[in-house]
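The values are calculated or read from the model by the stated rules, or taken from the named source; none is laboratory data. Because the structure is predicted, anything quoted here is derived from the model rather than measured. Cβ placement follows ideal geometry from the backbone for every residue including glycine, while neighbour counts extend to all protein chains displayed. With ligands, DNA and RNA removed, areas are computed over all heavy atoms of the protein, side chains included. Shrake-Rupley method; radii C 1.70, N 1.55, O 1.52, S 1.80 Å.
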Amino acid sequence: RLWKAAGCEDMTLELELVFTPRVSYVMYQNRMDAALAVTATNDGERLENLTFRLSSNPEFFQAVELRVDSISPGDSVDLRRHPSFKVDLDHEFISSLTERVDSEVTLDAVADGECVASESFRVTVLPFDDWPGCEMPETIASFVMPNAESLTTVRASASDILGSWGMSTSLEGYQGDRDRVLAIGAATYAALQKANINYVNPPAGFESNGQRVRVPDDVLGNHEGTCIDLAVLFASVLESIRINTLIFFVSGHAFAGFW
């Protein structure tokens, strides 16, 4: 969508603001650009000493303020190319959300202390655990958390299972041969089976794509999860042992694998 400010009849500055309509934790984690287009076009006489301010309400990124010496008649300025332009998503705000929040991003142009043009864009800030789905499938990796505290119990159980199979109880990743890696993967799977995790539909969400994902501590703490939650959990445990993982998506299902 492209929203352009019509402004007042005597104004000569036209602003273009295009923002990603949904912002989430995975965008922060993957350093994805939230601002897609931020431009100013001069349709009249030469403009000088302009200040542009990009802000949000509620604030999910630190306001950006830019100074532009001049814009000649007919010229456009891509403000994203300005050396001071940087939209830093607020990790603390985004990671604390448990429900979606509607925000408004506003671009103001100021000359001689007066706002001469303004444009806004509505943005939905999603909860911390929202995954956008197969429109960005690779972002599921944001929820693989090999340093989650709850994984210690799974690793201990996997070690015990290896011992019960008459094998070394070490979880040494790729230090052994292929059969050893397969044995560690199998023991990890068996340990998760012993955790008695029940299938439960994902937490309520109101987006048309994707779903909310339970992180490993929640799955193990509450003993519930979906196929995606369990795939993320399995991948988290294996990565904590330094085994490289994959998550596969097929119609209606997800599952994990490893190299």
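Overview of results
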item	result
Size of electric dipole in the chain: Cβ of Lys, Arg +1 and of Asp, Glu -1, about Cα centre, debye, nearest 20	1340
Reciprocal mean inverse distance between Cα atoms of the range 135-224 - Kirkwood radius, Å	15.0
FRET efficiency, E92 to Y189 (Cβ-Cβ, R0 51 Å, nearest 0.05)	0.90
Charge sum, other residues only, whose C-beta stays under 12 Å from L233's C-beta, Lys/Arg counted +1 and Asp/Glu -1	-4
Fraction of accessible area attributable to carbon and sulfur, the chain (%, probe 1.4 Å)	46
Residue-normalised accessible area of the range 162-214, expressed per residue, 1.4 Å probe, Å²	61
Computed helical MRE - 222 nm, the chain, DSSP H runs ≥ 4 contributing -39500 (n - 2.57), nearest 500	-7500 deg cm²/dmol
Compactness index (Cα Rg / 2.2 N^0.38 Å), the chain	1.36
